[in-house]
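There's a structure below that I have some questions on.
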Ligand code: TYD
Ligand code: MG
């Protein structure tokens, strides 16, 4: 017998409680507990016995359906897999609906696809399709937010092969008391849709909004339910967008796809390094090219630093696209190990183009940009930099150095400032290997 039970939920970590409390005991977040209601089914007896098998055995590689958009396929691990569930998160207006409409219409050329929107009317979607010149594609379109109707439509013997739900926060199941977008609605609707996708064997792509803190709205459990979580990132002031796989049961995580927003939707960028370095000015001090890795892909990015005399008692430290604690660390190492003075200077650090860098391999490039900005001497135009910096000022090696150097050579760079431990390479690029930060600082010395 199903019975409705009220309970309390932490909207941050998903922990449940019998009564309300001000702070979540599990994740220590304040004011995150909200009242929820959920249908509980009594777990009866009579389940079938599970038969275990050996770990070693024959395995079939999943068959992939490619979408025709290479960058999208890449983040999915090489294409879509049967009954795969994908969650696409991102800020409003970043282009989630646009990319999914493009993906669906590309797929519609070979398989049956459906696009269900709870956010926009049929007219709005048609206008977008026209703009993308995809209005003739064979996509089945619907605008609804009734979970009951969606399940009735899809729980059939031959549902469409790919179903897009835009977005999970707009769906509403009338069996629950709470409003659309609440934790229990989002949780319930998502789990039912995932269950249905596995049962009826269709690919499910769910759009999820992102909260101020950058999480997909709703509890973290939403991320656990699906096979793949993709985040659509980018700065609305810039043209390019990055689709990043943060979880993928069918492929590598950290893989990125790069797109550029144009008048006719998102176009794929096959050579992101060239795009990111497009507006780079030559011989400017405070600028440095970092050879980074995004998943399996090397990407060159420009790091810019500005060091200006400060009149403030506590000088300003401003960072865009990188961790501010990591900047503080590098400044501290430069001060303590090399005697540089930043304490009476404001420091601004920016990754050009609005991209974000997550790897510590950028330390050396950041340090080079800072030294260059402070000394007024520029980093050679045709040089790339990478390496991690330790607290004692030692330069630590980074992974995939060969790939980074290869990308640099491909884009016409002829010099590389890299960790000593990465010096073994087949690449013919001119190397300057360093093992301590002081060697980098000496490169910028004014004699
Ligand atoms: P949209 O896909 O609606 O974003 P989301 O679903 O993530 O909220 O993207 C909307 C933005 O993209 C909007 O600001 C207009 C812009 N855009 C273009 O620049 N070119 C286009 O061809 C399209 C369709 C949208
Ligand atoms: Mg949208």
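For region 66-112, name all the residues that are in a loop (DSSP other than H, G, I, E, B) and within 16 Å of ligand 1 (Cβ to nearest atom). Outline the logic, then answer.
To start, the set of residues in region 66-112 that are in a loop (DSSP other than H, G, I, E, B) comprises 66-69, 76-79, 82-84, 91-95, 108-112.
Of everything in region 66-112, those that are in a loop (DSSP other than H, G, I, E, B) and within 16 Å of ligand 1 (Cβ to nearest atom) turn out to be 69, 91, 92, 93, 94, 95.
Let me ask you something else. For a quick check of your reading: which strands (runs of 3 or more DSSP E) sit entirely within region 300-386 and have at least 2 residues that are under 27 Å from residue 422 (Cβ atoms)?
Working: elements: 317-320, 345-351, 383-385.
Answer list for region 300-386: 345-351, 383-385.
Let me ask something else about it. Please identify the pairs in which a residue from region 200-225 that is on the phi > 0 side of the Ramachandran plot and surrounded by fewer than 20 Cβ atoms within 10 Å (Cβ to Cβ) has its Cβ atom under 6 Å from the Cβ atom of a residue that is modelled with pLDDT of 70 or more and not in a helix (DSSP H, G or I), counting only partners at least 6 apart or on another chain.
201/82; 201/83
Right, here's the next one. Hey, which of the helices (runs of 4 or more DSSP H) in region 120-218, taking only ones fully inside, have at least 2 residues that are within 15 Å of ligand 1 (Cβ to nearest atom)?
122-131
Here's a check for you: in region 144-171, which residue that is crowded, with 17+ Cβ neighbours inside 10 Å and without any contact (Cβ under 8 Å) to a residue 40 or more places away in the chain is nearest to residue 204 (Cα to Cα)?
Among those residues, the one meeting the criterion is 153.
Could you list, ordered by first residue, the pairs with Cβ atoms under 6 Å in which the first is in region 128-142 and in contact (Cβ under 8 Å) with a residue 24 or more places away in the chain and under 14 Å from residue 109 (Cβ atoms) and the second is more than 15 Å from ligand 2 (Cβ to nearest atom) and assigned to a helix (DSSP H, G or I), at least 6 apart or interchain?
Within 6 Å, the pairs are 134/105; 137/105; 139/105.
Only one of (1) under 17 Å from residue 300 (Cα atoms); (2) in a loop (DSSP other than H, G, I, E, B); (3) touching a helix residue (DSSP H, G or I) at 6+ places or on another chain (Cβ under 7 Å) fails for residue 407. Which number is that?
Result: residue 407 passes all but (2).
Moving to a separate point now. On the given criteria, is residue 119 farther than 20 Å from residue 238 by Cα and near ligand 2 (Cβ under 9 Å from one of its atoms)?
So residue 119 passes the test.
Okay, residues lined up against (1) modelled with pLDDT of 95 or more; (2) within 15 Å of ligand 2 (Cβ to nearest atom); (3) farther than 15 Å from residue 164 by Cβ:
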{"position": "86", "(1), (2), (3)": "yes, no, no"}
{"position": "92", "(1), (2), (3)": "no, yes, yes"}
{"position": "95", "(1), (2), (3)": "no, yes, no"}
{"position": "100", "(1), (2), (3)": "yes, yes, no"}
{"position": "110", "(1), (2), (3)": "no, no, yes"}
{"position": "115", "(1), (2), (3)": "yes, yes, no"}
{"position": "123", "(1), (2), (3)": "yes, yes, yes"}
{"position": "134", "(1), (2), (3)": "no, no, no"}
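Return the pair list, or none, for Cβ contacts closer than 7 Å from residues in region 370-395 that are on the phi > 0 side of the Ramachandran plot to residues that are in a loop (DSSP other than H, G, I, E, B) and buried (at least 18 other Cβ atoms within 10 Å of the Cβ), at least 6 apart or on different chains.
Partner pairs satisfying both residue conditions: 376/285; 387/398.
In region 36-50, what residues are under 31 Å from the mean Cα position of the chain (by Cα) and modelled with pLDDT of 80 or more?
Scanning region 36-50 gives no hits.
Can you name every residue in region 349-369 that is in contact (Cβ under 8 Å) with a residue 40 or more places away in the chain and surrounded by fewer than 18 Cβ atoms within 10 Å (Cβ to Cβ)?
Residues satisfying the conditions are 356, 359.
The values are calculated or read from the model by the stated rules, or taken from the named source; none is laboratory data. Just so you know, these numbers come straight off a predicted model, no measurement behind them. Neighbour counts are summed over all protein chains in view; Cβ atoms, including those assigned to glycine, are modelled from backbone coordinates with ideal geometry.
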